[in-house]
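The structure appears right after this line, and notes come after that.
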Amino acid sequence: MTLAAPPTSVEKYAAAFESLSDSGTPDWLIATRLQAWANFSELGIPTARRGNELWKYTNLRPLADAGFEYGQIGPVSLDQIKSAGPWDDAWDTVVVVDGNFSAQLSSLNGTPGLTAGSLGEAIAAGTDNLESQFASLAGRENYAFTALNTAFAADGAYIGIAADTRLTTPVHVVFVTSDPTSSRATYPRLLISASSNSSLTIVESYINLSESSQLTVPVTEVFSDHDSQIRHYRIQIENEKSFHIGTARVNQKAGSSFTSTSFATGALIGRNDVHTQLDEPGAECTLHGLYMTSGQQQQDQEISTTHARPNCTSHQFYKGILSGKSHAVFSGKVVVERDAQKSVANQKDLNLMLSRGARIDAKPSLEIFADDVKCAHGATAGHVDRDTLFYLRSRGVDEETAKAILIRGFADEMLDEFEPAALREFVERTTDDRIATLLAESDTLGTV
């Protein structure tokens, strides 16, 4: 197969891969890494866009041209983490620094039915099902970035919920990039296994303490057994010089429910690639989120759901706020397979364009191979017109405040989805802080 990028885009990672230690690593994981590296070596960084639907609207040349070191772990304090991202002392918190679990920074309360901690230690201990689960969802497709992450898989976070366990307090997994002087690559890994009839709220956050360009390539795999309920939140707030290419793969059994809400403001190029597989009857998933871009940023939402069995339900709903010369991509896909009768699916993407230089590429799509279904999709992009702004101005609100109210009003529907109090407070505060930047770059609010 012809490489999708010049050989140098693979060679830059080769020395780091060769330096990995196999000491104490199970044979099956060594074999998985080697296969993943072979896949990445063949695929390369996908800079070719013509004929490549997955990256049609995204230019990865800046990432392919950049160089990143690997293997350094920088110092991080708990105060830095608390000030940079969401935090609640009552939560069970797993902290992963530069891809490696930190027992010192983590805060685990010994919650009955919850296993939380180092993925590397869980693998070494031979935790049930890990050998069969690891890379089974994120390794099925020929995807360069899941292969790259798997090739470097060593540690990360593991969350296991025992059968019939219903947690009332969120579990927080924090992936931290420390503050190095050099540009580095990290490969965070998260595996969540929810047993039958369990319930879990999980917050997955990515923070970057560095001001220099960094590469984060996370992979999350979620196994939701029958009648389990997972409420998932994803926070991505890395710096605007960095690259964040995230992948999540979810498998759902009968009667399970998976609801995920994402919030993204960071990275020069950021991607949230989520695929949920509704693998048994009665499974339901809801995927939604808010993304905000400014300057030269780009945020991609690559969202897909496969209805593999009858009587399953899925929802996709995303909102974007764009200013400056930023760019966003929403690629929503629902596949209803032949045997998936009585499926219900809908998807929607709404975008608020605050400047003439901003651009959104939206591509909602349905592939339906069953005949007894209810499915719908749509996408819109627009601006705040003169009459709407005048309505607030006529009630004594000054122009800048009126514009801020309208932007915040557009975001509120999605912010309302963040239910844990500490998390809701964080995303609201971050949104309000971000509005000042969005307004500074706006040139369309109330002009038409």
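The values are calculated or read from the model by the stated rules, or taken from the named source; none is laboratory data. What you see is a predicted model, and the numbers here were worked out from it, not measured in a lab. Cβ coordinates were reconstructed from backbone atoms using ideal geometry, including for glycine residues, and neighbour counts include every protein chain displayed.
List of remarks:
- Per this entry, GLY156 is counted among residues that are touching a Lys or Arg at 6+ places or on another chain (Cβ under 6 Å) and at pLDDT 95 or above.
- Selection within segment 357-373 - modelled with pLDDT under 95 and basic (Lys, Arg): LYS363
- Residues of segment 374-382 include none that is part of a loop (DSSP other than H, G, I, E, B) and modelled with pLDDT under 95.
- Filter result for ARG408 (within 20 Å of the chain's Cα centre (by Cα) and of a type in the set (Lys, Arg)): no
- The single condition among (1) farther than 20 Å from VAL174 by Cβ; (2) in a loop (DSSP other than H, G, I, E, B); (3) among the acidic types (Asp, Glu) that GLU42 does not satisfy is (2).
- Members of segment 179-190 found to be assigned to a loop (DSSP other than H, G, I, E, B), modelled with pLDDT of 95 or more and surrounded by fewer than 24 Cβ atoms within 10 Å (Cβ to Cβ), listed by number: TYR187
- Looking across segment 342-387, the residues that are without any contact (Cβ under 8 Å) to a residue 60 or more places away in the chain, over 18 Å from TYR57 (Cβ atoms) and loosely packed, with under 15 Cβ neighbours inside 10 Å come down to GLU367, PHE369, ASP371, ASP372, LYS374, ALA376, GLY378, GLY382, ASP387.
- Just one residue in the set GLU204, GLU238, GLU221 is within 15 Å of the chain's Cα centre (by Cα), farther than 28 Å from LEU322 by Cα and not hydrophobic (A, V, I, L, M, F, W, C); that residue is GLU221.
- Residue within segment 143-153 that is modelled with pLDDT under 95, polar (S, T, N, Q) and more than 13 Å from LEU29 (Cα to Cα) present: no
- Filtered residues of segment 80-105 (kept if under 22 Å from the mean Cα position of the chain (by Cα) and part of a loop (DSSP other than H, G, I, E, B)): GLY85, PRO86, TRP87, ASP88, TRP91, ASP98, GLY99
- Subset of segment 141-161 that is touching a residue at least 12 places away in the same chain (Cβ under 8 Å) and in a loop (DSSP other than H, G, I, E, B) - its residue that is surrounded by the fewest Cβ atoms within 10 Å (Cβ to Cβ): ASN142
- Residues of segment 232-254 classified as in contact with a Leu (Cβ under 7 Å, 6 or more places away or on another chain) and either assigned to a strand (DSSP E or B) or among the acidic types (Asp, Glu) (or both), total: 6
- Selected residue (criterion: farthest from the chain's Cα centre (by Cα)) from residues of segment 303-318 that are crowded, with 23+ Cβ neighbours inside 10 Å and in a strand (DSSP E or B): HIS307
- Qualifying residue in segment 56-75 (condition: over 20 Å from the mean Cα position of the chain (by Cα), under 24 Å from SER136 (Cα atoms) and assigned to a loop (DSSP other than H, G, I, E, B)): no
- Residue selected from segment 127-139 under the condition touching a residue at least 60 places away in the same chain (Cβ under 8 Å) and part of a loop (DSSP other than H, G, I, E, B), by the criterion nearest to the chain's Cα centre (by Cα): ALA138
- The C-beta contact set for segment 38-50 (first residue in contact (Cβ under 8 Å) with a residue 12 or more places away in the chain and more than 19 Å from PRO62 (Cβ to Cβ), second residue of a type in the set (Val, Ile, Thr) and outside any loop (DSSP other than H, G, I, E, B), distance under 6 angstrom, 6+ apart or interchain) comprises SER41/VAL10.
Residue-wise test of (1) crowded, with 23+ Cβ neighbours inside 10 Å; (2) more than 20 Å from GLY289 (Cα to Cα); (3) not aliphatic (A, V, I, L, M).
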site	(1), (2), (3)
GLU211	no, yes, yes
PRO218	yes, no, yes
SER224	yes, yes, yes
ILE230	yes, no, no
GLN236	yes, no, yes
HIS244	yes, no, yes
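- Extreme residue, surrounded by the most Cβ atoms within 10 Å (Cβ to Cβ), among residues of segment 63-87 that are modelled with pLDDT of 95 or more and charged (D, E, K, R): LYS82
- Residue check for LEU119: buried (at least 18 other Cβ atoms within 10 Å of the Cβ), at pLDDT 95 or above and closer than 26 Å to SER182 by Cα: no
- Complete set of residues in segment 425-448 that are assigned to a helix (DSSP H, G or I) and either of a type in the set (S, T, N, Q) or within 18 Å of the chain's Cα centre (by Cα) (or both): PHE426, VAL427, THR430, THR431, THR437
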